[in-house]
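Data first, discussion second: the structure below is written as structure tokens.
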Amino acid sequence: MSGALLEIKGLTVVFDGFTALDGVDLAVEPGELRFLIGPNGAGKTTLIDVITGLTRPASGTAAFGGTDLTGLREHRIVRLGIGRTFQTSVVFEELTVVENLDLAAEFRRPLRALLRQRRGVSDTVAAALDTIGLGDLAGRPAGVLSHGQRQWLEIGMLLAQKPRLLLLDEPVAGMSRDERERTGELLTQIAADHTVIVVEHDMEFLRRYASRVTVLHEGRVLVEGDVASVQADPRVQEVYLGRTKKEAA
Ligand code: ADP
Ligand code: MG
């Protein structure tokens, strides 16, 4: 028996005759911080889209705690405890940092609680604010945040929804070195009590923060293992690092 929180089997996605995912198997244990890498077009975002109900697979299953997610609507999947970020921002710029968190938290709150007059900041929102380290900017409009701070706010918005599994699609893309470092620490902290899947390309970032890595290539799992063995794998060097035999010579 598997102890996986997320168990994907034989997942295949076809867009107008193009096979974006081709029989993907993936098992992620509770509490893992799993990195998902692969060249552009490998199918990383499509995989996240299937897990979060945005894309329907042609075949295969994606079970979360034993429940098959394929066929469920997005909001049902959020309520089951799965949250994701997108490659493009979903922050409301005119709202303050804390208002953005509050809005995200309300997504899972029952109607009864929504109708009740709320005073101040909920414990959930306060905890999320503290984790992402934006306490000093709580009352500022999200529009003034730096790129890195905005990414942290998005992660905070997921935390406010109290997910068990977080899927982060290229969270450190475009970040400064310092912001990457803070993000790596944030991911490590979040992984202490969540299961996290991170799509990321940067090898230096992987070396510092990843343990188990899955490499996707042309819709298939090419290699899976710890960072060192994945990096040393010639198949990964060839397809992921783009190092062809000719270039290496
Ligand atoms: P990655 O995130 O690894 O860069 P994607 O999952 O976004 O890759 O895309 C995998 C492949 O599927 C790409 O070739 C992409 O062009 C294609 N693709 C993704 N979404 C769609 C779509 N909605 N319609 C058609 N093709 C798509
Ligand atoms: Mg992508």
Only listed residue being within 14 Å of ligand 2 (Cβ to nearest atom), crowded, with 20+ Cβ neighbours inside 10 Å and aliphatic (A, V, I, L, M), chosen from A20, A62:
A20
Might you let me know whether the range 124-131 holds any residue that is of a type in the set (S, T, Y), on the phi < 0 side of the Ramachandran plot, open to solvent by less than 10 Å² (accessible area, probe 1.4 Å) and at pLDDT 95 or above?
no
Restricting to the range 221-243, what's the tally of residues that are within 19 Å of the chain's Cα centre (by Cα) and basic (K, R)?
0
Within the range 167-215, restricting attention to residues that are part of a helix (DSSP H, G or I) and of a type in the set (S, T, N, Q), which residue is nearest to D226 (Cα to Cα)?
T188
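Being modelled with pLDDT of 95 or more, within 16 Å of ligand 2 (Cβ to nearest atom) and in contact with a strand residue (DSSP E or B) (Cβ under 6 Å, 6 or more places away or on another chain) is the requirement here; does I8 meet it?
For I8, the condition - modelled with pLDDT of 95 or more, within 16 Å of ligand 2 (Cβ to nearest atom) and in contact with a strand residue (DSSP E or B) (Cβ under 6 Å, 6 or more places away or on another chain) - is not met.
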Selection over the range 177-191 where residues are in contact (Cβ under 8 Å) with a residue 60 or more places away in the chain and open to solvent by 10 Å² or more (accessible area, probe 1.4 Å) yields a count of 2
Among the residues in the range 71-79, are any in contact (Cβ under 8 Å) with a residue 12 or more places away in the chain, within 16 Å of ligand 2 (Cβ to nearest atom) and open to solvent by 30 Å² or more (accessible area, probe 1.4 Å)?
no
Considering the range 1-25 alone, what residues qualify as being under 13 Å from A42 (Cα atoms) and in contact with a helix residue (DSSP H, G or I) (Cβ under 7 Å, 6 or more places away or on another chain)?
V13, A20, L21, V24
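Every residue, every condition in (1) within 9 Å of ligand 1 (Cβ to nearest atom); (2) touching a Pro at 6+ places or on another chain (Cβ under 9 Å); (3) of a type outside the set (G, A, S), yes or no:
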position	(1), (2), (3)
L11	no, yes, yes
F18	yes, no, yes
G23	no, no, no
A27	no, no, no
G38	yes, no, no
A42	yes, no, no
I48	yes, no, yes
G53	no, no, no
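The values are calculated or read from the model by the stated rules, or taken from the named source; none is laboratory data. Bear in mind the structure is a predicted one, so any value in this text is a computation, not a measurement. As a convention, Cβ positions derive from the backbone with ideal geometry for all residues, glycine included, and neighbour counts pool all protein chains shown. Side chains included, ligands, DNA and RNA excluded: accessible areas come from the protein's heavy atoms. Shrake-Rupley method; radii C 1.70, N 1.55, O 1.52, S 1.80 Å.
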